[in-house]
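Colleague: For reference, the structure I am asking about is given below.
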Amino acid sequence: MTDAQQDSSLGRVLVIEDDEDTRLFVEDLLTMSGYAVVGAACGQEGLAAANVPVDVILLDRRLPDADGIELCRRLREQRGNEIPVIFLTADRSPQLETEARAAGATDFLHKPFPPDALLERLARLA
């Protein structure tokens, strides 16, 4: 993480996403928009990274070592409800949004998403 990322005034965002291209795109978008970013490629990295102060968590549904719904529950157990969790997923299952919200997700965004949609949600939550 660069000094500019650490000194961000808009807040710190944890991005838990296993697809490297997607994670790097989101990290770059957020960094260029003024957020500090912490990236994690799997559930275990995400749980470890959630121990540092973050203002928002972006969470993918399908990770190599965890299901995003279960990981959301674990994050809520670990950090409580004060940190917003936004699900980012390409999964179109009809019940997924309901399940994610029941697990503690604050918001939900389907991939692919317009960059402005993510930035608007972050502006409301961070």
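Colleague: At 0.36 nm per residue, and after removing the present C-alpha to C-alpha distance, how many nm does the segment from LYS111 to ARG92 gain when stretched out fully?
Modeller: Answer, rounded to one decimal: 5.9 nm.
Colleague: Which cross-chain or sequence-distant (5 or more) residues have an amide H under 5 Å from the amide H of ALA66, H modelled 1.01 Å from N in plane?
Modeller: Those qualifying (amide H under 5 Å, at least 5 residues apart or on another chain) are GLY43.
Colleague: Cα gyration tensor of segment 7-75, axes a ≥ b ≥ c as square roots of the eigenvalues: rounded (a/c below 1.5), prolate (a/b > b/c) or oblate? Walk me through the numbers before you get to the answer.
Modeller: Numbers: a/c = 2.43, a/b = 1.45, b/c = 1.67.
Cα axes put segment 7-75 in the oblate bin.
Colleague: Hey, another quick one. Let me have the relative contact order for the chain, percent, based on Cα pairs under 8 Å that are six or more residues apart.
Modeller: Values: 208 pairs, mean separation 28.4, N = 126.
In percent, rounded to a whole number, it is 23.
Colleague: Give me, ordered by chain and number, the residues 5 or more places off LEU58 or on other chains with an amide H under 5 Å from its own placed amide H.
Modeller: Sorted by chain and number, the residues that satisfy this are LEU14, VAL15, ILE16, ILE86.
Colleague: How about segment 1-105: which GluC sites (Glu not before Pro) there lie in a loop by DSSP and see at most 12 other Cβ atoms within 10 Å?
Modeller: On the way: sites: GLU17, GLU20, GLU27, GLU45, GLU70, GLU77, GLU82, GLU97, GLU99; in loops: GLU17, GLU82.
Qualifying residues, ordered by number: GLU82.
Colleague: If you don't mind, there's one more thing I want to ask. Kindly put VAL54, VAL85 in sequence by how many other C-beta atoms sit within 10 Å of each C-beta, fewest to most.
Modeller: VAL54, VAL85
Colleague: Compute the acute angle (0 to 90°) between the alpha-carbon long axis of helix 68-79 and the principal axis of greatest extent of the alpha-carbon atoms of the chain; round to the nearest 10°.
Modeller: With both axes taken from Cα atoms, the answer is about 60 degrees.
Colleague: With θ set to phi - 60°, apply the Karplus curve 6.51 cos²θ - 1.76 cosθ + 1.60 along segment 44-59 and write out the HN-Hα couplings as whole Hz, x wherever there is a Gly or Pro.
Modeller: Residue by residue, segment 44-59 yields 4, 4, x, 4, 5, 5, 5, 6, 8, x, 9, 9, 8, 10, 9, 10 Hz.
Colleague: Express in nm, to one decimal, how much length is gained between ARG101 and ASP65 on full extension, taking 0.36 nm for each residue of separation and deducting their alpha carbon distance.
Modeller: Stretched out fully, the ARG101 to ASP65 stretch lengthens by 10.9 nm.
Colleague: While we're here: Give the distance, in whole Å, between the Cα centre of segment 98-123 and the Cα centre of segment 28-56.
Modeller: If we compute the Cα centre of each part, the gap is 15 Å.
Colleague: Here's something else I'd like to know. On a 0 to 90° scale, report how tilted helix 115-125 is relative to the longest principal axis of the chain, with both axes built from alpha carbons and the result rounded to the nearest 10.
Modeller: Taking the Cα atoms of the chain, the angle to 115-125 is about 90 degrees.
Read-outs throughout are calculated quantities, based only on the coordinates presented, and are distinct from any laboratory measurement. Treat the numbers as computed from the prediction; the structure is a model and nothing was measured. Note that each Cβ is placed from the backbone with ideal geometry, even for glycine, and that neighbours are counted across all protein chains shown.
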